[in-house]
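What follows is one structure encoded as structure tokens, with my remarks underneath.
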């Protein structure tokens, strides 16, 4: 017995067909779209069984049931696409303020006895000034490259 029923409207079917034709859509999304078409109960059609859809699409029972559940509870977008992450898993160490300090340091005159700043010298100066706890010379290089700056 099916717990979650899928009944697609004409506009939802049209949206699914557009997604299936798109070359930029991931295979995961396309499989979920095909599953929704297979289990559609609109217009009095009998949906395919879970085992038939499993074999036909090469997915697990969970994929079929979860796709049905997400559609029934939250709609077509929740069933087809993954949820966007609210914040990154690790907060970035280099913020706009840190970038500004790196650029200011790179644009200032180098220490006495040097003709220009090295990446490691900039990183050490930023840590010494207390802007960040630690930073690598590679991160400094990437910030300067991002802003198209050289050390000269």
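The values are calculated or read from the model by the stated rules, or taken from the named source; none is laboratory data. Not measured: the values here are computed from a predicted model. FYI the Cβ positions are ideal-geometry reconstructions off the backbone, even for glycines, and counts take in every protein chain you see.
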Next item on the list: Just name the residue that is modelled with the lowest pLDDT out of those in the range 136-152 that are touching a helix residue (DSSP H, G or I) at 6+ places or on another chain (Cβ under 7 Å) and assigned to a loop (DSSP other than H, G, I, E, B).
Entry: 151
Notebook entry, point to check: Is there a residue in the range 37-44 that is closer than 30 Å to residue 4 by Cβ, over 26 Å from the mean Cα position of the chain (by Cα) and loosely packed, with under 13 Cβ neighbours inside 10 Å?
Noted result: yes
Next item on the list: Answer yes if at least one residue in the range 15-24 is assigned to a helix (DSSP H, G or I), at positive phi and surrounded by fewer than 13 Cβ atoms within 10 Å (Cβ to Cβ), and no otherwise.
Entry: no
Check: Residues in the range 125-133: is at least one on the phi < 0 side of the Ramachandran plot and surrounded by fewer than 10 Cβ atoms within 10 Å (Cβ to Cβ)?
Finding: yes
Next item on the list: Please indicate, with yes or no, whether at least one residue in the range 28-36 is in a helix (DSSP H, G or I), in contact with a strand residue (DSSP E or B) (Cβ under 7 Å, 6 or more places away or on another chain) and at negative phi.
Entry: yes
